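Okay, structure first, notes after.
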Amino acid sequence: MDPAPVGTRRQRAGEASPATDAAGTGAPAGAWGVAVGLRDHWAGEVTGDLVGRPVHLAGWVDTVRRHGEHLVFVDLRDRSGLVQCVLDTGTELRSEYVVAVSGTVRRRPAGTENERLATGAVEVAVDAVDVLSEAAPPPFPVRGAVEADEVTRLTYRYVDLRRERLQRNLRLRARVVSALRQAMEQQGFTEVETPLLWTPTPEGAREFAVPSRLQRGSFYVLPQSPQIAKQLLMVAGVDRYFQIARCLRDEDLRADRQFEFTQLDVEASFVTQDEVLGFVSEAVRQAAVAATGTAAPPIERLTWSEALDRYGTDKPDLRFGMPLVDLSGIFAGTSVGALSAPVVKAICLEGGAGLGRSRLDGLVARAKALGARGLAWFRVLAAETDERDAGAERTGAGGAHADGAGPGASRRLDSPLARHLSGPETAGILEATGASVGDLVLVVADEHQLACSVLGQLRLDLGRPPVGNGPPRYVWVVDFPLFEGRDEEGRLVAAHHPFTMPHPEDLELLATAPERVRSQSYDLVLNGWELGSGSIRIHRADIQERVFDALGIPPAEAAERFGFLTGAFRYGAPPHGGFAVGVDRLVAILAGEENIREVIAFPKTQSGGDPMTGAPKPLAARALAELGLAGRVRRPDTAGTGED
RNA sequence: GGACCUGUGGUGCAGCUAGGAGUGCACGCCGGCCUGUCAAGCCGGAGGUCGCGGGUUCAAAUCCCGUCAGGUCCGCCA
């Protein structure tokens, strides 16, 4: 017997990096551990060097190919892959039966090898089969790439998880989490667990409430993040903290949002912003290497205002171009009403001149739905070739000519607006956008924020590649503003959270022009997904008071809501800052998945349900009474009349 | 709170624009044949409230209204 094939295989493969195995199971070679119990080998590792050896295998029946009573092929599957077993007696094996087999490995007869299978050179001549469990036909195929309806998949999640895709994702996730943990430990961080039963912090995301049985009428909440706890750990002198932390937010679900999600939560004392970014960069880099086996690219850096100006968003997808171009100067004194606005911005869609009128109307509608006053479009056509230009005459649109200063032939603009443009305006559009014949220029004239965000969204609509496509582009977005807009009562709203340290150069603006104050906060963005965010925190009472003041939070209210944090700061708070990385999103992108459900073992539907368990469910009256909630039940027949 | 897409034997689709008997394809399932297959093959068979409710019509999977479920997005996510 060979009790420890793992080490020898790893050595033979000579792989320093965790490249995936030949069976395509998504696991590092030799990662299955020692086979024990009913098995002494893994199905996916039955290869040529075992020829002549007896093996015991256990797993699921993948396929049965029956050639009469005396020749039956059974593919036996376990997490490591499959191997063909040959039986010479008729048996009652069916797909997904759970079996243990014993037999002898032998080379397949010449000409019957299967090159698509890692174990395809050999087969197991079976002398005993033990059916451990019979199985009903699965509700959807376990093998293959066809996806069943979402409810069906979630109702039978244990079957769905048996499939190759999710098995691979679960293992990739485990490797990523392990790499993150190792990277943080290597950098001197201490893993600390923080409470799940926390206290309400009325600000930020909606929280899940947990009724207290011992103190009826009072509630814990589940933490939307360990933010305050980790700052208290800094006051406690932990100095470098991290946690693979579950966070819970009672907000509407999306492709990249579940109620509960996992963060790599990090906080460190006596550090600069760049040092925090360095710690996180190293962790993410190691995670990417663990997941893909290839080196992650360096993380780029943009300021928040650069990101907004060039990509119309604070989470730019840098995998493709189509940057926003500023035309405000060109249209500063325009006579065209539709283009008269504080800010005029444009994007250029390569080859977009061929879009038909209905398609363009759709874009205009989309822009309006996003809040813009309107959307101007200009087809870029070759000058003096009107008759051959698609749609130019049919739409009855006027054409404005300009001798292109840019590359290629002279160009003109085709658009209902084109004949209203002055010569310099036409030339300005062509020059600023660098548009070529056949392109489409889209222009939004509006307030700065709106013009940017609308074009940023259109840029994504028109140009964004699928999630896993192309080399990943990591980018730090830094210098976020401290505040973003105002609430209904005209009070400033914290962009990150109220403990974020203002940029040192902008401290004086707090009282005079708070909207212009930058903060020491930063986001990590991967392929247009916000992977996480962080900041340097305020540790000085005087600065904190000035920020609370700017936020319109009176001292008494601040003490009531955050007293246990500011109180702790009185006893010696080190300067500190941190970050949190969204693990589900990171894993999803590394796995090439569009939805984080595919990297979570038991996710919920968009309406927050679990079709498998039926959760959420009503609680029995007795349970409600014990929690002090009985009086608050709203029965359908009394809805709207009960107390609220 | 809102917008859009989807819902047809166990699974994935087509059928709907232009109403005419539950019509079709692939997989799976059940049975038979079959000693080298590997998504085995060949033959036969079973399996359906066309998500649900209402309306229009001589007639509805198909058109209309409502509703439920799933998905994508806006709002929301300090």
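The values are calculated or read from the model by the stated rules, or taken from the named source; none is laboratory data. What you see is a predicted model; the values in this text were computed from it and never measured. Positions of Cβ are generated from backbone atoms using ideal geometry, with glycine treated the same way; all protein chains shown enter the neighbour counts. Side chains included, ligands, DNA and RNA excluded: accessible areas come from the protein's heavy atoms. Shrake-Rupley method; radii C 1.70, N 1.55, O 1.52, S 1.80 Å.
Quick check: is even one residue across the stretch A:53-60 in the same structural domain as A:Val129 (by TED's automatic domain parsing), near RNA strand B (Cβ under 10 Å from one of its atoms) and on the phi < 0 side of the Ramachandran plot?
As a first pass, look at the stretch A:53-60 and keep what is in the same structural domain as A:Val129 (by TED's automatic domain parsing): A:53-60.
Narrowing further to those that are near RNA strand B (Cβ under 10 Å from one of its atoms): none.
The answer is no, given that none of the residues of the stretch A:53-60 is in the same structural domain as A:Val129 (by TED's automatic domain parsing), near RNA strand B (Cβ under 10 Å from one of its atoms) and on the phi < 0 side of the Ramachandran plot.
Just the residues that are at pLDDT below 85, away from RNA strand B (no atom under 16 Å from the Cβ) and in a helix (DSSP H, G or I), please, taken from the stretch A:350-359. Spell out the reasoning first.
Step one: filter the stretch A:350-359 for residues at pLDDT below 85, giving A:355-359.
Keeping just the survivors that are away from RNA strand B (no atom under 16 Å from the Cβ) gives A:355-357.
Answer for the stretch A:350-359, where residues must be at pLDDT below 85, away from RNA strand B (no atom under 16 Å from the Cβ) and in a helix (DSSP H, G or I): just A:Arg357.
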- [ ] Return the residue satisfying two criteria in turn: it lies in the stretch A:142-154 and is surrounded by 14 or more Cβ atoms within 10 Å (Cβ to Cβ) and more than 14 Å from A:Arg597 (Cβ to Cβ), and of such residues it is farthest from RNA strand B (Cβ to nearest atom).
- [x] A:Val142
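Filter the stretch A:524-548 down to the residues that are among the basic types (Lys, Arg) and open to solvent by 10 Å² or more (accessible area, probe 1.4 Å) and list them by number. First the steps, then the outcome.
Of the residues in the stretch A:524-548, the ones among the basic types (Lys, Arg) are A:537, A:540, A:546.
If the condition is that a residue be among the basic types (Lys, Arg) and open to solvent by 10 Å² or more (accessible area, probe 1.4 Å), then A:Arg540, A:Arg546 are the ones that fit.
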Task: Cβ pairs under 9 Å, 6+ apart, first in the stretch A:164-182 and without any contact (Cβ under 8 Å) to a residue 24 or more places away in the chain and of a type in the set (S, T, N, Q), second part of a helix (DSSP H, G or I) and surrounded by fewer than 18 Cβ atoms within 10 Å (Cβ to Cβ) - done: none
Task: the stretch A:93-114 residues that are closer than 26 Å to A:Arg163 by Cβ and in contact (Cβ under 8 Å) with a residue 40 or more places away in the chain, paired with ones that are open to solvent by 10 Å² or more (accessible area, probe 1.4 Å) and among the basic types (Lys, Arg) (beta carbon under 9 Å, 6 or more apart) - done: A:Ser95/A:Arg143; A:Glu96/A:Arg162; A:Ala100/A:Arg39
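Out of A:Ala630, A:Ala601, A:Ala623, I need the residue that is small (Gly, Ala, Ser), farther than 30 Å from A:Glu515 by Cβ and modelled with pLDDT under 90. Which one?
On the way: A:Ala601 fails: modelled with pLDDT under 90; A:Ala623 fails: modelled with pLDDT under 90.
The unique qualifying residue is A:Ala630.
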Task: Positions within the stretch A:310-319 being open to solvent by 50 Å² or more (accessible area, probe 1.4 Å) and assigned to a helix (DSSP H, G or I), in sequence order - done: A:Arg310
TODO: Name the residue, out of A:Ala307, A:Ala296, A:Ala341, that is out of contact with any strand residue (DSSP E or B) (no Cβ under 6 Å at 6 or more places or on another chain) and crowded, with 16+ Cβ neighbours inside 10 Å.
DONE: A:Ala296
Open item on the list: Here is a check on your reading of the model: is A:Leu172 away from RNA strand B (no atom under 16 Å from the Cβ), in contact with a Leu (Cβ under 9 Å, 6 or more places away or on another chain) and under 30 Å from A:Thr63 (Cα atoms)?
Closed with: yes
Task: Near pairs, Cβ below 6 angstrom, 6+ apart or cross-chain, from the stretch A:141-156 (within 19 Å of A:Tyr97 (Cβ to Cβ)) to any residue that is open to solvent by 40 Å² or more (accessible area, probe 1.4 Å) - done: A:Val142/A:Arg162; A:Tyr156/A:Pro139
TODO: Filter the stretch A:92-114 down to the residues that are surrounded by fewer than 18 Cβ atoms within 10 Å (Cβ to Cβ) and more than 10 Å from RNA strand B (Cβ to nearest atom), then identify the one that is farthest from A:Val51 (Cα to Cα).
DONE: A:Val98
- [ ] List every residue pair whose Cβ atoms lie under 6 Å apart, where the two residues are 6 or more positions apart in sequence or sit on different chains, the first residue falls within the stretch A:332-354 and is basic (Lys, Arg), and the second residue, located anywhere, is open to solvent by less than 60 Å² (accessible area, probe 1.4 Å) and part of a loop (DSSP other than H, G, I, E, B).
- [x] A:Lys345/A:Leu324
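To keep it simple, each residue is scored yes or no on (1) touching a His at 6+ places or on another chain (Cβ under 7 Å); (2) modelled with pLDDT of 95 or more.
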| position | (1), (2) |
| --- | --- |
| A:Leu510 | no, no |
| A:Val547 | no, no |
| A:Phe569 | yes, no |
| A:Pro575 | yes, yes |
| A:Val581 | no, yes |
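Just checking, which of A:Asp274, A:Asp265 is at pLDDT 95 or above, away from RNA strand B (no atom under 16 Å from the Cβ) and assigned by TED's automatic domain parsing to the domain that holds A:Glu191?
Details: A:Asp265 fails: away from RNA strand B (no atom under 16 Å from the Cβ).
Sole residue among the options that is at pLDDT 95 or above, away from RNA strand B (no atom under 16 Å from the Cβ) and assigned by TED's automatic domain parsing to the domain that holds A:Glu191: A:Asp274.
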TODO: Give the residues of the stretch A:66-91 that are at pLDDT 95 or above, near RNA strand B (Cβ under 6 Å from one of its atoms) and in contact with a Phe, Trp or Tyr (Cβ under 8 Å, 6 or more places away or on another chain), sorted by residue number.
DONE: A:Gln84, A:Val86
Open item on the list: Please determine whether any residue of the stretch A:184-206 is surrounded by fewer than 19 Cβ atoms within 10 Å (Cβ to Cβ), of a type in the set (Lys, Arg) and without any contact (Cβ under 8 Å) to a residue 60 or more places away in the chain.
Closed with: yes
TODO: With the condition kept exactly as written, say whether any residue in the stretch A:368-378 is within 16 Å of RNA strand B (Cβ to nearest atom), in a helix (DSSP H, G or I) and modelled with pLDDT of 50 or more.
DONE: yes
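Here's the yes/no breakdown for (1) of a type in the set (Val, Ile, Thr); (2) away from RNA strand B (no atom under 14 Å from the Cβ):
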| site | (1), (2) |
| --- | --- |
| A:Leu430 | no, yes |
| A:Val475 | yes, yes |
| A:Pro481 | no, no |
| A:Met501 | no, no |
| A:Glu505 | no, yes |
| A:Ser519 | no, no |
| A:Asp523 | no, no |
Task: In the stretch A:549-575, residue farthest from A:Arg240 (Cα to Cα) [restricted to those that are open to solvent by 20 Å² or more (accessible area, probe 1.4 Å) and in contact with a strand residue (DSSP E or B) (Cβ under 8 Å, 6 or more places away or on another chain)] - done: A:Gly552
Open item on the list: Condition first: within 15 Å of RNA strand B (Cβ to nearest atom) and not in a loop (DSSP other than H, G, I, E, B). Can you find one or more residues in the stretch A:619-629 that meet it?
Closed with: no
TODO: Would you check if there is a residue in the stretch A:350-367 being of a type in the set (A, V, I, L, M), open to solvent by 50 Å² or more (accessible area, probe 1.4 Å) and over 22 Å from the mean Cα position of the chain (by Cα)?
DONE: yes
Open item on the list: If A:Leu586 meets every condition in (1) within 14 Å of RNA strand B (Cβ to nearest atom); (2) assigned to a helix (DSSP H, G or I); (3) open to solvent by less than 10 Å² (accessible area, probe 1.4 Å) apart from one, which number is that one?
Closed with: (1)
